[in-house]
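Please treat every number below as a calculation from the coordinates, not as lab data. Keep in mind it's a predicted model, so treat the numbers as computed, not measured. Backbone-built Cβ (ideal geometry, glycine too); neighbour counts: all protein chains shown.
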Amino acid sequence: MRRREFLASPLALFAQGAFAQVRYPAVRKGVALAFPRDHGSHPDYHTEWWYITGWVKTKAGAEFGLQVTFFRSRPGVGEANPSRFAPRQLLFAHAALSDARIGRLLHDQRAAREGFGLAAAGESDVRVDDWRLERSADAYSARVAGRDFEFSLRFRPTQPLLLEGEGGYSRKGPDLAQASYYYSQPHLQVTGTIAVRGESAQIDSGEAWLDHEWSSEAMAKEAAGWDWVGLNLEDGGALMAFRMRDRKGATYWAGGTHRGPEGSVRVFPPGEIGFTALREWRSPRTGTTYPVSMRVRAGVMEFTLEPSMNDQELDARASTGTIYWEGAVQARADGKPLGRGYLELTGYWKPLKL
């Protein structure tokens, strides 16, 4: 095995065979998020991700859905080991492109331990190998080179941050410890270039959504996965809604946030969020069935979600070890366009473990 592959391989972290007892910091209600500090990494916590999804249109008129996600994990392995090879932090990255002309998701992934110039998560950037997400002067830039596509993108905020849950404290279960620190940045303006199978195109218009979330115990043992949607609404508002599912597919916990075009914010308790499957799609590769068309209720709002295409399954077994559906969707209410965004469906292949 080549040296670079050995250093990058998450499987190599088991070589020492020693698991230390690590006490991760708890997520607590009432802790105020502070910026710009909290845009950066929180290495003491168990799990963290920076997640950008969006719809873009090129100057030639082609429409794409795009997704770039960077994950940081503190596995609690080898922390007392002075060796530079000890896997104190692991970094993963997923990127995907939804192109209805192709009819299936194009995606790629990266995985590496922190150090040796392979990967890092800091105050203003996170990178894995040659993939990078950077924040500078309130804007974000992403550079990703996959097997079938490349992104060179810039995301500029047009609205204030949206703190999810209670001031950024977002509950994921009945236990107060089952929570994350969580904020979003809706209605990001997208510029840059996309190359698909060697053919480059300039972006003419586009909007994206950024989530940044970190936690130590976000999933209860009773939960198998989640359904999540983030929508940039046509009226300038924003909506996030999710539900955690139990092992039988029922709602275990739920929540969400709506910000109106005038800036008012409403946080939804579990009883005001509902997800109902309207149509399912079965993956020809994994045999997994996903509810790709959904009816969503958030308070008095009710709308349907339809995917830009059915086949938006992402096989991430080479990095985070799971398979999930994550795709571009359109929302409609009373037959009229409501917004665009992304739907994420996890735990349908196998129960998810963070």
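Odds and ends about this structure:
- Shown here is the pair-distance distribution of region 81-221: with all Cα-Cα distances grouped in 10 Å bins from zero up to the longest one, the shares run 10, 30, 35, 21, 4, 0 percent.
- CD proxy at 222 nm, helix term only [per DSSP H run n ≥ 4: -39500 (n - 2.57); per residue of the chain; nearest 500]: -500 deg cm²/dmol
- Spin-label pair Glu280-Ala145: with each label point 7 Å from Cα along the Cα-Cβ axis, the two points sit 4.2 nm from one another.
- Counting only Cα atoms, the size of region 196-354 along its three principal axes is 46, 42, 32 Å, in decreasing order.
- Rg/Rh, computed from the Cα trace of the chain with Rh as the Kirkwood radius, has the value 0.94.
- Positive-end residue, the chain charge dipole about Cα centroid, Cβ charges, pick of Gln67, Leu188, Gly236: Gln67
- When you filter the trypsin sites (Lys or Arg not before Pro) in region 254-307 for DSSP loop state and at most 15 other Cβ atoms inside 10 Å of their Cβ, you are left with Arg285.
- Assuming charge only on the beta carbon of Lys and Arg (+1) and of Asp and Glu (-1), the dipole of the chain about its Cα centre is about 820 debye to the nearest 20.
- Charge sum, other residues only, whose C-beta stays under 11 Å from Arg84's C-beta, Lys/Arg counted +1 and Asp/Glu -1: +1
- In percent, rounded to a whole number, the relative contact order of region 169-237 is 35, using alpha-carbon pairs under 8 Å and six or more apart.
- Each residue of region 124-139 was assigned a 3J(HN,Hα) from its phi angle through the Karplus curve 6.51 cos²θ - 1.76 cosθ + 1.60 (θ = phi - 60°); the sequence is 10, 7, 9, 8, 9, 6, 9, 8, 8, 10, 10, 10, 8, 6, 6, 10 Hz, with glycine and proline shown as x.
- Normalised by the number of residues in the chain, the mean separation of alpha-carbon contacts (under 8 Å, six or more apart) gives a relative contact order of 15 percent.
- Debye, to nearest 20: dipole size of region 92-139, +1 on Lys, Arg Cβ, -1 on Asp, Glu Cβ: 240
- Loop-exposed GluC sites (Glu not before Pro) per DSSP, neighbour cap 16 Cβ within 10 angstrom, longest uninterrupted part of the chain: 124-221
- This ranking places His39, His212 by how few other beta-carbon atoms lie within 10 Å of each, fewest first, which gives His39, His212.
- Kirkwood hydrodynamic radius over Cα pairs of region 154-228, then Stokes diffusion coefficient at 20 °C and 1.002 mPa s, in µm²/s: 145
- Quotient of C-alpha Rg and 2.2 N^0.38 Å, computed over region 28-74: 1.69
- Residues in region 186-204 that a label on Arg104 would reach, taking backbone N under 17 Å of a point 7 Å out along Cα→Cβ: 197
- The residue among Gly339, His212, Phe155 whose Cα reaches farthest toward the positive pole of the charge dipole of the chain, with charges on the beta-carbon of Lys, Arg, Asp and Glu, is His212.
- The gain in end-to-end length when the Asp138 to Asp246 segment is fully stretched comes to 35.1 nm, 0.36 nm per residue minus the alpha carbon separation.
- Net length available on complete extension from Gln202 to Glu234 is 9.2 nm, with 0.36 nm assigned per residue and the Cα-Cα distance removed.
- Residues of type aspartates and glutamates that Lys336 reaches as a straight line, Cα spacing below 15 Å, ignoring anything fewer than 8 places off in the same chain: Glu234, Asp235, Glu302, Glu306
- Euclidean distance between Cα centres, region 28-58 to region 312-336, Å: 20
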